[in-house]
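To start, the structure under review is shown below, and the notes come after it.
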Amino acid sequence: MKDWTPNVPRKAAAPAGEPADLHELDEEETIDLAHYWRVVRRHKWGILSITLIALILGVLYAVSATPIYKARTVLLADPIQPNVDTKNQYVNTALVYLFYETQYSIIKSRTVAEKAVDKLNLVARYRRKEAEAQQAPEPAEGFLQTLHSWKESLANWHKWLPKELLGSIKEKPERKTTDSMLRQQLASQIQANLEVKGGKQSEIINVSYQSPDPKEAAEIANAVADAYMEFSLDSRLSGAKKTASWLNEQLAELRRKLRESEKALENYQKTHGLVDSSQQQQIASTRLSTLNAELIKAQTQRSEAEILYNQVKSLRGGKGHYESLGPVLNSPAVRALVQEEARLSRKVKELSERYGEKHPKMIAARSDLSEARRALRREVDKVVDNIAKKYRLAVAQEHKIASLIRKQQQQISELKGTNFELARLEREVENNRRIYETFLARFQEANVSEEYDATNVRIIDPATVPQAPYKPKKPLIIGASIALGLFLGILLAFLREALDNTFKTTDTIEEKLSLPALGLVPVVKRRGRINPASRYLADPRSQFSENINNVRTALLFSNVDHPPQVILVTSATGAEGKSTLSANLAAAFGQLDRTLLLEADMRKPSLANTLKLPHKPGLSDLVAARTNLTNFKVPMVGNDKGSFYAIPCGTLPPNPLELLSSDHFRVLLKRLREQFRYIVIDSPPLLAVSDAAVLGQVSDAVVLAIKAETTTIRMVREAVSRLEKARVGVAGAVLTQAEPKRLAYYGGHYYHSSYYGYKAPKGEAA
């Protein structure tokens with residue numbers, strides 16, 4: 001085989017100054033909406049089918065669903081409980097939110113639901129309906145009878161099982177429902193169908209109930225509202241009654257204690273001849289309070305003086321100058337001396353610059369400056385001594401006041417010693433009287449509140465019988481069914497597209513295999529006497545023939561310097577249109593020069609039948625030397641529009657691979673090269689046998705036929721891998737048996753290039 005390298009298409013170079021992969025990034029990041037639309041179009045019938053099924057199910061559900069009616073009662077709930085007393089009438093905002101959340105739970109509680117059951121006497125009504133249902137006649141024949149039988153069958157599904165499978169399972173005897181149990185069940189049903197909502201910034205509570213019976217929905221909604229109001233009022237009144245009863249018991253005990261304490265005080269006063277100890281205690285307390293205030297003031301003055309004194313002590317140790325002390329800085333005399341010192345210092349500086357150090361004026365000025373500094377130091381020492389004196393005076397004053405307080409406390413102790421018991425009895429009487437009066441006032445309020453039957457809940461709009469059902473909402477169900485069907489259909493379409501790993505377009509060949517796509521061949525159906533294998537000869541101007549010409553042109557220009565002479569056509573598996581492609585490709589090359597179609601498929605030959613050629617002798621007979629090529633007349637296939645020569649398989653050999661890999665076959669092919677300009681070899685599939693790999697060694701170009709939407713990518717990759725392992729290059733691949741209309745779903749250019757073509761005008765020879 002000649003050293004031939006296929007011209008694999010390369011990507012265009014990026015413009016100067018841009019990264020080489022800039023266009024690749026743009027293509028990857030761009031969302032191809034047209035691609036998604038083509039996926040939807042390819043699977044449109046599946047999508048429409050799923051949508052239709054969803055629509056039918058939605059319509060059946062909307063038609064067969066029991067209409068549910070919804071009645072609503074509007075309540076006004078005030079978080080402030082009505083009360084005769086105006087105290088505690090304000091509620092925290094956070095507690096208001098908790099109040100309404102609590103009310104929602106109360107309305108949906110089992111207690112309120114049972115009250116509503118009792119108000120409407122639902123237990124008796126249910127028993128009455130149950131009796132009427134037992135006396136009702138069987139459903140009439142027809143659709144209702146069928147539905148009733150289905151319902152009974154589903155309810156008794158376990159009876160369908162054989163008795164041996166049931167084993168020891170015994171049916172439980174039906175337990176009769178008591179009125180108490182039925183009451184709880186009805187209350188649970190009310191809780192399940194009850195809906196309570198409220199505004200976030202209003203005091204309105206909406207109580208809604210859903211039922212198949214519109215009248216029942218309105219009755220239960222109003223009954224729940226009334227039961228809730230009664231529950232709220234009963235809770236408040238029962239609380240008031242309990243409070244009044246408890247207060248009454250406490251008042252009796254407090255009254256007894258008050259009388260006993262008053263009697264004890266009276267007896268003590270008579271025994272000791274005392275009148276009242278409050279004035280004596282008040283005078284002593286006032287004097288002690290005054291002394292305590294003076295002590296605090298003295299302690300404050302002592303603390304301030306101590307702070308200054310400590311500062312003086314720290315500066316006296318050489319840690320600073322007295323001039324930084326507050327009293328020193330605030331002293332008018334010190335400030336005046338400081339100013340005088342500053343004035344003399346400036347004067348000394350001026351005289352030193354003008355006269356020098358030994359000048360009389362300079363000496364006098366320095367003497368004045370020294371005197372001013374000594375005066376300043378004396379004045380500062382006076383202020384510092386004054387700070388120490390004030391500190392000692394403050395300490396002495398504090399001690400004096402503390403001594404007076406101790407004396408006063410001693411006097412008070414002596415006074416308490418004499419009147420302590422009297423003061424204790426007076427306090428006990430006063431405390432008992434205050435507690436008794438408080439409880440008495442609270443008891444009177446509780447008695448009034450017990451008789452005050454106002455409630456904080458009012459009904460604004462009672463529920464009325466709804467005229468139209470609340471659900472099912474048929475337009476919404478139908479619309480949702482259509483949307484759900486479309487969504488599921490599109491989802492399944494994209495799922496199928498993601499799981500489909502077959503070749504659909506020529507772009508897929510180049511993308512998945514990195515091989516040149518030589519073209520595509522549309523599917524050809526047998527029409528009358530025209531065989532697909534000879535379709536090219538029947539109408540060379542048809543679009544099918546143009547597609548074959550495109551493959552021929554791609555092969556000729558795949559290697560311009562050395563166009564291929566021996567072309568091997570193979571495929572990954574069988575039934576991929578390989579033989580049809582070989583025959584029509586030979587017919588196309590026959591338009592250029594002498595062309596031979598060589599059938600090398602010695603396992604399942606088909607060209608003799610499709611081209612109506614004699615089965616023997618053939619290629620196997622020539623290779624086995626049973627027939628001499630010189631005496632062999634090569635059959636010709638064609639008509640006045642074109643022709644080519646063909647050698648069928650011949651006698652089926654027992655060892656096709658050994659025959660094709662023999663030197664006799666190579667010698668025969670060499671002689672055929674001398675007689676024909678082009679040779680097209682039809683070989684067996686690659687994955688089935690290795691004949692094609694052997695034939696590829698003696699061929700100039702290998703063409704891989706891939707059936708559209710059938711052959712998987714993995715199979716073709718395995719076939720290419722086998723050729724590469726045999727060191728056989730692949731010139732390219734051809735997409736065979738492609739449906740033109742389906743190709744349109746992968747892009748309009750496929751449809752136009754494979755369906756529409758140039759045709760000869762009517763009356764003109766093709």
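Values quoted throughout were computed directly from the atomic coordinates according to the rules given, and no laboratory measurement underlies them. Note that the coordinates shown come from a computational prediction; the quantities given were computed from them, not determined experimentally. All Cβ positions, glycine included, derive from the backbone under ideal geometry; neighbour counts span all protein chains shown.
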- Task: Post the alpha-carbon centroid distance, segment 460-488 to segment 534-556, in whole angstrom.
- Result: 61
- Query: Around residue 679, which amide H atoms from residues at least 5 apart in sequence, or from another chain, sit under 5 Å from its own amide H, with H modelled in the peptide plane?
  - Reply: 566, 567, 596
- Message: Set the bar at 19 Å for Cα to Cα. Now go through 297/400; 633/670; 44/504; 215/471; 604/633; 70/197 and name every pair that lies beyond it.
- Response: 604/633
- Query: ³J(HN,Hα) across segment 536-543 via Karplus (A = 6.51, B = -1.76, C = 1.60, θ = phi - 60°), whole Hz, x for Gly/Pro?
  - Reply: 4, 5, 5, 8, x, 9, 6, 5
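Take each of the peptides 122-131, 50-59, 641-650, average the number of other beta-carbon atoms within 10 Å over its residues, and list them starting from the highest. Present the calculation step by step, with values, prior to reporting the outcome.
Details: 122-131: 13.6, 50-59: 17.0, 641-650: 22.8.
So the order, starting with the most tightly packed, is 641-650, 50-59, 122-131.
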- When 556, 537 are ranked with the fewest other C-beta atoms within 10 Å first, the list becomes 556, 537
- Residue order, fewest to most beta carbons within 10 Å, for 630, 570: 630, 570
- Note on the structure: Once residue 271 and residue 631 are pulled to full extension, the length gained, defined as 0.36 nm per residue separation minus their Cα-Cα distance, is 112.9 nm
- Item | Alpha-carbon radius of gyration plus Dmax, which is the widest Cα pair, for segment 540-610 in Å | 12.7, 37
- Query: Using 7 Å Cα-to-Cβ label points, what is the residue 603/residue 255 separation (nm, one decimal)?
  - Reply: 12.0
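Sorted by average packing, counted as other Cβ atoms within 10 angstrom per residue and highest first, what order do 428-437, 694-703 take?
Details: 428-437: 15.2, 694-703: 23.8.
Ranking, from highest mean packing down: 694-703, 428-437.
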- Counting Lys +1, Arg +1, Asp -1, Glu -1, what net charge surrounds residue 711 among other residues with beta carbon under 13 Å of its beta carbon? +2
- Message: Just to verify a number: FRET efficiency for residue 487 and residue 64, C-beta to C-beta distance, R0 = 30 Å, to 0.05?
- Response: 0.80
- Per-residue ³J(HN,Hα) for segment 692-698, Karplus 6.51 cos²θ - 1.76 cosθ + 1.60, θ = phi - 60°, Hz, x for Gly and Pro: 5, 5, 5, 5, x, 5, 10
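Sort 345, 542 so the one with the fewest other Cβ atoms within 10 Å of its own Cβ comes first. Walk me through the numbers before you get to the answer.
On the way: 345 14, 542 19.
Placing the least packed residue first, the sequence is 345, 542.
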- For residue 539 paired with residue 502, estimate the spin-label separation in nm (one decimal), with each label point 7 Å from Cα along the Cα-to-Cβ line. 2.5
- Here, residue 624 and residue 512, labelled 7 Å along Cα→Cβ, have an inter-label distance in nm of 3.9
- Query: Along segment 673-678, what does the Karplus equation 6.51 cos²θ - 1.76 cosθ + 1.60 (θ = phi - 60°) give for ³J(HN,Hα), rounded to whole Hz, x for Gly and Pro?
  - Reply: 4, 6, 9, 10, 6, 10
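Express the relative contact order of segment 461-611 as a whole percentage, based on alpha carbon pairs under 8 Å and six or more residues apart in sequence. Could the numbers behind the result be given before it?
Values: 92 pairs, mean separation 27.5, N = 151.
With pairs under 8 Å counted, the relative contact order is 18 percent.
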